[in-house]
Amino acid sequence: MKIFTIFATISFLSTVLAGTPWIPEPRDGSWLERHEGFVNNSLINGGEINLLFYGDSITDNWEVDDPYWGAKEIYDEYYAPLGSANYGVGSDRTEQVLWRIINGEVSNLRPKVCVLKIGTNNLDENTDVDIARGIASIVTELRSRLPETKVLLLGILPRENSVMTSRCENINGMISILDNGNTVRYLNMRGAYFDGNFFYEGLYVHDLIHLSKLGYAMWQEVMDPLFSDMFNSTN
Ligand SMILES: *[C@@H]1O[C@H](CO)[C@@H](O)[C@H](O)[C@H]1NC(C)=O
């Protein structure tokens, strides 16, 4: 009886402590400061921002200047010249991105394209269905606040092992239906990173979650046809 109560309590607490993927939730400290920096950037430079990246550390690292795991060189070559803002934040889950979007980060913006890749950090805490719902709510929020912006929704990248990767694919299957052929397009880059059994050599760093510089070069290359099409389209 006592044991049961303890388990019931633990189970209750973990439900309460875990975020709900579609309910906006902030973090604190330096996270809030970064968010404020993004809000400021949008207010000051909004007119020059044609491309917006939203995501977690994997997006954040585009601008890290490191020869092994940073991709600043590639970002500076392909995206910065287009007028790009990178609002990726390490460790963010869907509920944090949602909170940031509705709290001022996209005010004063009118980008042509928003590249969104999010959800991998929810895997520890939430079910696949709930994570997909969280991602869908971000797409809805972006579309309603940035009606002239096309959303390029990327699938969650394969990670760690085939068990985790099949969860990612389960979620990806659910979010792929958000593609409406025009204002929201979905792209799954899985095949470039994982062949079903193993991860292609050199595209990840040691944790098999974050990308190496080569992994970013692959991202740019695989995304380019659809991205260019969306970025250059006039409607
Ligand atoms: C954002 O702008 C406000 C108003 O100018 C300023 O007080 C604040 O320090 C800025 N925050 C960051 C993180 O840049």
Are any of the residues in the stretch 148-166 surrounded by fewer than 16 Cβ atoms within 10 Å (Cβ to Cβ) and within 24 Å of Asn50 (Cβ to Cβ)? yes
Please note which strands (runs of 3 or more DSSP E) are completely contained in the stretch 107-226 and include at least 3 residues that are farther than 21 Å from Pro24 by Cα. 184-187
State which residue is farthest from the chain's Cα centre (by Cα) when the search covers only the stretch 49-93 and only residues that are closer than 19 Å to Arg34 by Cα and charged (D, E, K, R). Asp65
Identify all residues within the stretch 62-79 that are in a helix (DSSP H, G or I), free of Cβ contacts under 8 Å to residues at least 24 places away in the same chain and closer than 14 Å to Ser212 by Cβ; write none if there are none. Lys72
Failed condition for Arg27, given (1) assigned to a helix (DSSP H, G or I); (2) over 16 Å from the mean Cα position of the chain (by Cα); (3) modelled with pLDDT of 95 or more; (4) closer than 28 Å to Ile175 by Cα, with all others met? (1)
Please identify the pairs in which a residue from the stretch 210-224 that is free of Cβ contacts under 8 Å to residues at least 12 places away in the same chain has its Cβ atom under 7 Å from the Cβ atom of a residue that is part of a helix (DSSP H, G or I), counting only partners at least 6 apart or on another chain. none
I want to confirm something. Restricting to the stretch 21-64 and keeping residues that are of a type in the set (D, E, K, R) and under 13 Å from Val97 (Cα atoms), which single residue is nearest to the ligand (Cβ to nearest atom)? Arg34
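The values are calculated or read from the model by the stated rules, or taken from the named source; none is laboratory data. Just so you know, these numbers come straight off a predicted model, no measurement behind them. Neighbour counts run over all protein chains shown; Cβ positions are idealised from the backbone, glycine included.
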